[in-house]
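The values are calculated or read from the model by the stated rules, or taken from the named source; none is laboratory data. It should be emphasised that the depicted structure is a prediction, and the values quoted were computed from it without experimental measurement. All Cβ positions, even for glycine, are placed from backbone atoms using ideal geometry, and neighbour counts span all protein chains on display.
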Amino acid sequence: MFTKTLLVAALATGCAITMAMGSAEAAGFVCAYKEAPNAPKDLPPATGLTEDMTQVEARNRVQELVGDMALAKIPPAMIVDHLVWAYCPLVENDANLTDAQKANRVRQFAAEVAGMVYAPASDAELDIIVSLPIAPAVLGKVDAAAKAGGLTRDAWMNGAIENALPTP
């Protein structure tokens with residue numbers, strides 16, 4: 001059930017991002033909205049995200065915002081949309097990135113936020129989803145190795161990474 005919920009959230013977020021960047025190919029990367037459409041009036045502002053934050057600072061701030069909005073009983077999909085709309089202009093204004101890189105950054109951010117919002121409530125350590133571009137030929141080899149080992153792609157990749165790390 002959790003996986004289905006997360007998949008639906010990711011698909012919904014992807015649709016929202018696609019709509020937000022609909023004219024990106026024709027006119028360059030553009031954020032369509034400065035806030036989530038149809039946002040409730042009592043939605044807490046997504047403030048404190050700045051261009052000069054480190055990744056750790058930004059992740060901590062996003063986690064705080066997710067927590068604040070969850071406490072305010074904001075629906076999970078609205079939390080994701082609200083934070084994506086707040087983050088998008090930061091990426092849009094980054095002159096060092098190509099349009100494709102900007103779109104990729106926003107997609108990665110949306111996936112990370114969806115992972116935070118739809119994570120099961122527990123005190124256990126949560127898995128972190130890593131988005132990594134892999135060439136099709138390499139992915140084909142990964143899939144073949146996973147199939148030969150009777151594993152899923154994710155399980156095979158996780159095992160390969162764990163086996164490659166030195167033991168403390």
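Yes or no: residue 137 surrounded by 11 or more Cβ atoms within 10 Å (Cβ to Cβ) and in a helix (DSSP H, G or I)? So residue 137 does not fit the description; no.
Taking residue 62, is it surrounded by 20 or more Cβ atoms within 10 Å (Cβ to Cβ), on the phi < 0 side of the Ramachandran plot, modelled with pLDDT of 90 or more and in a helix (DSSP H, G or I)?
Judged against the criteria, residue 62 is not a match.
The C-beta contact set for segment 83-95 (first residue closer than 12 Å to residue 107 by Cα, second residue of a type in the set (Phe, Trp, Tyr), distance under 6 angstrom, 6+ apart or interchain) comprises 85/33; 87/109. Within segment 144-164, the presence of a residue that is in a loop (DSSP other than H, G, I, E, B), free of Cβ contacts under 8 Å to residues at least 60 places away in the same chain and under 30 Å from residue 46 (Cα atoms) is excluded.
Condition test on residue 110, is it part of a loop (DSSP other than H, G, I, E, B), out of contact with any strand residue (DSSP E or B) (no Cβ under 6 Å at 6 or more places or on another chain), closer than 23 Å to residue 28 by Cβ and small (Gly, Ala, Ser)? So residue 110 fails the test.
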